[in-house]
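Heads up: the structure comes next, in structure tokens.
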Number of protein chains: 2
Amino acid sequence: MGEDALLARIAHRIGPARTGEVWAGDDAAVVASAASRILIATDLMVEGIDFDLSYVSGEDIGWKVVAVNVSDIAAMGGVPRSVVAGVALPPETKLSFVDGFLDGLVEAAAEWDVAVVGGDLSGGREIVAVVTVVGDTAEPPLLRSGARVGDGIFVTGTLGGSAGGLAALRAGFARTRPVVDLVARHLRPRARVVEAAALRRFGITAMIDISDGFALDLRRLMRASGTGCLVDPGRLAVDLALLEVADELQVDAHMLALHGGEDFELLFTMDRSAEEDARDALVAVGCGLAFVGEVTDGGRFLGDIDLDKEEGLGWDHLQDP
Amino acid sequence: MGEDALLARIAHRIGPARTGEVWAGDDAAVVASAASRILIATDLMVEGIDFDLSYVSGEDIGWKVVAVNVSDIAAMGGVPRSVVAGVALPPETKLSFVDGFLDGLVEAAAEWDVAVVGGDLSGGREIVAVVTVVGDTAEPPLLRSGARVGDGIFVTGTLGGSAGGLAALRAGFARTRPVVDLVARHLRPRARVVEAAALRRFGITAMIDISDGFALDLRRLMRASGTGCLVDPGRLAVDLALLEVADELQVDAHMLALHGGEDFELLFTMDRSAEEDARDALVAVGCGLAFVGEVTDGGRFLGDIDLDKEEGLGWDHLQDP
């Protein structure tokens, strides 16, 4: 199938544009915007590095590459609006893979009310998917750099599940409960858009989504803010399904919660006086909240770990997997 | 070099964000926007498909992947504002290549006053660069679909130079004049941003940038508009440097002008009464204009070629090179 035929197939799958907008089929996409601040997030997934086709489907990849970018927009306190995808496909790629990828992309976009407005295709030796999500925010964005000494440090939901799911996939575990929940956590991550919106009114001072591991992303936030921290790793909410099967999987659940990455929970700082109200607001949308420590003017400590003395925390996308 | 160190190097190269904006270093980029319509263009370049490192440098790739997206925004009549890049780099990639790529990216962005606001890195088996440019327009966008029966069909500048440059590179020609001009046309394409802006007031009805060959992009515009055309290929302005060296290069200059692609000239339709004023406006910014034919309610003809009966016109990104 040639490029124009495939692009027509994609345009058909995406559906017609909203009135006054232009999606696939012109030189660039045109979308309406009412906000004065545009947010742009981009993320790439590469076959053999970020996924392995022996246990990941086209649908999974399409879903995930949208979800991770939507999560980035959520972590800025923004609303995701539009998504474009650039995809390199080897000549031997099956049309069913392309259709599956599109299904996952469109499904994830619909989940967070994001319009798939365009893309680009090329050949290649391996599958590479690069997705850019454009969003906006009427209020000031929630940066990594706003933490204040004395703030509490909080994490939504649970950690370690995605890394547990990856371990189960690599070990070839049957996808029965509770493993199936871990696998879903890895392959079909949820972006905390609703949760971030629910938290805005409680005076969040800094926020990041946990994509490369709690420890690494904690260090990033504290460095961006120029602050220290005292975090109690025992307060992290470890994924319950992971705790259940950790022995069978031969993994250390607490290590995965600290360093596993790709849970896409929100790590944020705010005054502790707002804790109970924020927890109530999150519970109302089905999400838990853990207080894990305090922002200080000293060093950056995660239990016994001095974060500034550790090398190779978390996931480095340039290392071999 | 690890990911965070490389990202820090990139952030340093990009420089500080404009006041009130956030570029590299947070979950997503934040940019100001005053317009009500956002434009989004995305394009990928893949090693071995879109470029060959035996004759293309990192700088060339960085420049070109920005230019082609800026050209797409220009062809909508918009103003490019921000660019993000997602790049897959094999482990053996030299740091000098990465620095060169960044230099080219930053240089092209500066050329068209676009801010490099973010990106993402991963490993890979081959170099893949996906760039997304976000722009805006206060006026209605110039779509492919607006051509009206009776309109004139026009092309800016000259055609065939980029394909001639590629042929010279592949044949290993020395980069002396006039070959050096052709090579520059291929490796360092110019996006017609200023020219598109100069043309807006003359009542353009439809516009596309010529990325995949005049014949193919003419057919795309006419199909999008639901119109026919009678175009005289003899009226196309063939690149003068190409005409000069075509025999030596053993290429047919007119064929390259018709089908070569990547010249990034603007193909557009407007009432013929505006022709002289539009030509004057273009000459004032150093660009030529060719009237090449008319929009009709009949078939789609480029000289003897019935565009609707031709297969494989121009460049198909999914075919082997």
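The values are calculated or read from the model by the stated rules, or taken from the named source; none is laboratory data. The shown structure was predicted, so the numbers you read here are calculated from the model rather than taken from an experiment. Counting neighbours? That spans all protein chains shown, and the Cβs are built from the backbone with ideal geometry, glycine included. We work out accessible area using only protein heavy atoms, side chains counted, and drop any ligands, DNA or RNA first. Shrake-Rupley method; radii C 1.70, N 1.55, O 1.52, S 1.80 Å.
The rows are residues; the columns are (1) of a type outside the set (Gly, Ala, Ser); (2) more than 9 Å from every other protein chain (Cβ to nearest Cβ); (3) in contact (Cβ under 8 Å) with a residue 40 or more places away in the chain; (4) surrounded by fewer than 24 Cβ atoms within 10 Å (Cβ to Cβ).
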| site | (1), (2), (3), (4) |
| --- | --- |
| B:88 | no, no, yes, no |
| B:98 | yes, yes, yes, yes |
| B:102 | yes, yes, yes, yes |
| B:112 | yes, yes, yes, yes |
| B:115 | no, yes, yes, yes |
When restricted to A:224, A:278, A:257, the only residue part of a helix (DSSP H, G or I), open to solvent by 10 Å² or more (accessible area, probe 1.4 Å) and either among the hydroxyl-bearing types (Ser, Thr, Tyr) or at negative phi (or both) is A:224
| Could you say whether any residue in region A:69-79 is open to solvent by 40 Å² or more (accessible area, probe 1.4 Å) and over 21 Å from residue A:143 (Cβ atoms)? | no
Exactly one of B:35, B:28, B:41 is surrounded by 24 or more Cβ atoms within 10 Å (Cβ to Cβ) and modelled with pLDDT under 95, and that residue is B:28
Q | Boolean, residue B:144 is touching a residue at least 40 places away in the same chain (Cβ under 8 Å) and either touching a His at 6+ places or on another chain (Cβ under 8 Å) or open to solvent by 50 Å² or more (accessible area, probe 1.4 Å) (or both) | A | no
Q. Do we have any residue at all in region A:234-243 that's among the aliphatic types (A, V, I, L, M), closer than 23 Å to residue A:305 by Cβ, in contact with an Asp or Glu (Cβ under 8 Å, 6 or more places away or on another chain) and surrounded by fewer than 23 Cβ atoms within 10 Å (Cβ to Cβ)?
A. no
For region A:1-48 the number of residues that are in contact with a Gly (Cβ under 9 Å, 6 or more places away or on another chain) and assigned to a helix (DSSP H, G or I) is 5
Reported set for region A:124-138 where residues are over 22 Å from residue B:211 (Cβ atoms) and either over 16 Å from the mean Cα position of the chain (by Cα) or surrounded by fewer than 23 Cβ atoms within 10 Å (Cβ to Cβ) (or both) is A:125, A:126, A:127, A:136, A:137, A:138
Residue A:108 vs (1) within 10 Å of another protein chain (Cβ to nearest Cβ); (2) modelled with pLDDT of 95 or more; (3) touching a Phe, Trp or Tyr at 6+ places or on another chain (Cβ under 8 Å): all pass except (1)
task = Please tell me if residue A:31 is more than 7 Å from chain B (Cβ to nearest Cβ), β-branched (Val, Ile, Thr) and farther than 18 Å from residue B:88 by Cα.
result = no
If we keep only residues of region A:11-25 that are among the β-branched types (Val, Ile, Thr) and away from every other protein chain (no Cβ under 12 Å), then the residue surrounded by the fewest Cβ atoms within 10 Å (Cβ to Cβ) is A:19
Just wondering, is there one or more residues in region B:161-170 that are among the hydroxyl-bearing types (Ser, Thr, Tyr) and either assigned to a helix (DSSP H, G or I) or closer than 30 Å to residue B:297 by Cα (or both)? yes
Worksheet item: Going by the structure shown, is residue B:20 at positive phi, out of contact with any Ser or Thr (no Cβ under 9 Å at 6 or more places or on another chain) and of a type outside the set (Asp, Glu)?
Response: yes
If we keep only residues of region A:202-215 that are of a type outside the set (Ser, Thr, Tyr) and assigned to a loop (DSSP other than H, G, I, E, B), then the residue farthest from the other protein chains (Cβ to nearest Cβ) is A:203
Going through region B:49-81 in order, the residues found to be polar (S, T, N, Q) and assigned to a loop (DSSP other than H, G, I, E, B) are B:54, B:57
Of those in region B:178-201 that are among the β-branched types (Val, Ile, Thr) and away from chain A (no Cβ under 14 Å), the residue nearest to residue B:74 (Cα to Cα) is B:194
All conditions in (1) at pLDDT 95 or above; (2) over 25 Å from residue B:73 (Cα atoms) are true of residue B:208 except (2)
Those residues of region B:82-120 which are out of contact with any Asp or Glu (no Cβ under 6 Å at 6 or more places or on another chain) and in a strand (DSSP E or B) amount to B:82, B:83, B:84, B:85, B:87, B:88, B:115, B:116, B:117, B:118, B:119
Checked region B:174-201 for anything of a type outside the set (D, E, K, R), outside any helix (DSSP H, G or I) and open to solvent by less than 50 Å² (accessible area, probe 1.4 Å); matches are B:178, B:189, B:191
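Results for (1) modelled with pLDDT of 95 or more; (2) open to solvent by 30 Å² or more (accessible area, probe 1.4 Å); (3) closer than 26 Å to residue A:52 by Cβ, shown as yes or no for each residue.
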residue: A:122; (1), (2), (3): no, no, yes
residue: A:140; (1), (2), (3): no, yes, no
residue: A:157; (1), (2), (3): yes, no, yes
residue: A:168; (1), (2), (3): yes, no, yes
Pairs returned, first residue in region B:122-133 that is at the interface with another protein chain (Cβ under 7 Å from one of its Cβ atoms) and within 15 Å of residue B:69 (Cβ to Cβ), second residue that is crowded, with 24+ Cβ neighbours inside 10 Å and among the hydroxyl-bearing types (Ser, Thr, Tyr), beta-carbon separation under 6 angstrom, 6 or more apart or interchain, are B:132/A:132; B:132/B:42
Within region B:44-68, the residues that are open to solvent by 20 Å² or more (accessible area, probe 1.4 Å) and within 11 Å of chain A (Cβ to nearest Cβ) are B:47, B:48, B:49, B:50
